[in-house]
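Colleague: First the structure, then my questions, so here it is.
The values are calculated or read from the model by the stated rules, or taken from the named source; none is laboratory data. As the structure is a computational prediction, the values presented were derived from the model and not from experiment. For neighbour counting, all protein chains shown are included, and Cβ atoms are generated from backbone atoms with ideal geometry for every residue, glycine included. Protein only, heavy atoms only, side chains kept; ligands, DNA and RNA dropped before computing areas. Shrake-Rupley method; radii C 1.70, N 1.55, O 1.52, S 1.80 Å.
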Amino acid sequence: MPPKFDPNEVKVITLRTTGGEIGAASSLAPKVGPLGLSPKKVGEDIQKATMDWKGLKITVKLVVQNRQAKVEVVPSAASLVIKELAEPERDKKKVKN
């Protein structure tokens, strides 16, 4: 039998995602499913929070308390530099040389 649910307990989940895109629900499900959250809803929340970082790989911290997820963006040094240089968004479908 699983332990009793504590509404005051705070869980922190750190994951890396591409900014401005909805991550695959299948990759979020094992992380947020046991906490009683919908992977689709969490993916949409992450997308809204990372719209400024469109196309860049960014680290996201999910703070879950009482079945409510709060999204915090934790930018790395590389993503900050790329954002400040105003590099165009990388086309992932394009073939590299």
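Colleague: Nearest 0.05, what FRET efficiency do LYS61 and VAL95 give at R0 = 25 Å with Cβ-Cβ as r?
Modeller: Working: r = 34 Å, r/R0 = 1.37.
It comes out at approximately 0.15.
Colleague: Along the Cα→Cβ direction, 7 angstrom out, place labels at VAL73 and ALA86. What is the inter-label distance in nm?
Modeller: Each label point is offset 7 Å from its Cα along the Cβ direction, giving 1.7 nm.
Colleague: Of the listed values (1) 22, 17, 10; (2) 93, 6, 5; (3) 30, 14, 10, grab the one calculated as semi-axes √(5λ) of the Cα gyration tensor in Å from the structure here.
Modeller: (3)
Colleague: Another question about this same structure. Express the accessible area of the chain per residue in Å², computed with a 1.4 Å probe while the remaining protein chains stay in the model. Write down the numbers at each step before the final one.
Modeller: Working: 7120 Å² over 97 residues.
That works out to 73 Å² for each residue.
Colleague: Using the alpha-carbon atoms, what tilt in degrees (0 to 90, nearest 10) does helix 39-49 show relative to the longest principal axis of the chain?
Modeller: For helix 39-49, the angle is close to 50 degrees.
Colleague: Using 28 Å as the Cα-Cα cut-off, could you pick out the over-long pairs in LYS11/LYS83; LYS54/LYS94; LYS48/LYS94; LYS31/LYS54; LYS61/LYS94?
Modeller: On the way: LYS11/LYS83 30 Å; LYS54/LYS94 17 Å; LYS48/LYS94 26 Å; LYS31/LYS54 23 Å; LYS61/LYS94 30 Å.
Over 28 Å Cα-Cα: LYS11/LYS83; LYS61/LYS94.
Colleague: May I ask you to give the percent of accessible area on segment 1-75 that is carbon plus sulfur, with a probe radius of 1.4 Å? Mind dumping the intermediate values first?
Modeller: Details: 2570 of 4800 Å².
About 53 percent, which is the carbon plus sulfur part of the accessible surface.
Colleague: For the chain, with a Gaussian network of springs between Cα atoms less than 10 Å apart, report the residue from GLU87, GLU44, GLU21 with the top mean-square fluctuation.
Modeller: GLU87
Colleague: Sum -39500 (n - 2.57) across every DSSP H segment of at least 4 residues in the chain, then divide by the residue count to get the 222 nm mean residue ellipticity, nearest 500.
Modeller: Values: 3 runs with 27 residues, N = 97.
About -8000 deg cm²/dmol.
Colleague: Another question, then. What is the packing order of peptides 57-66, 73-82, taking the mean over residues of other C-beta atoms within 10 Å and listing the highest first? Please report the intermediate quantities before stating the final value.
Modeller: Values: 57-66: 16.6, 73-82: 13.3.
Highest-to-lowest ranking by the protection proxy: 57-66, 73-82.
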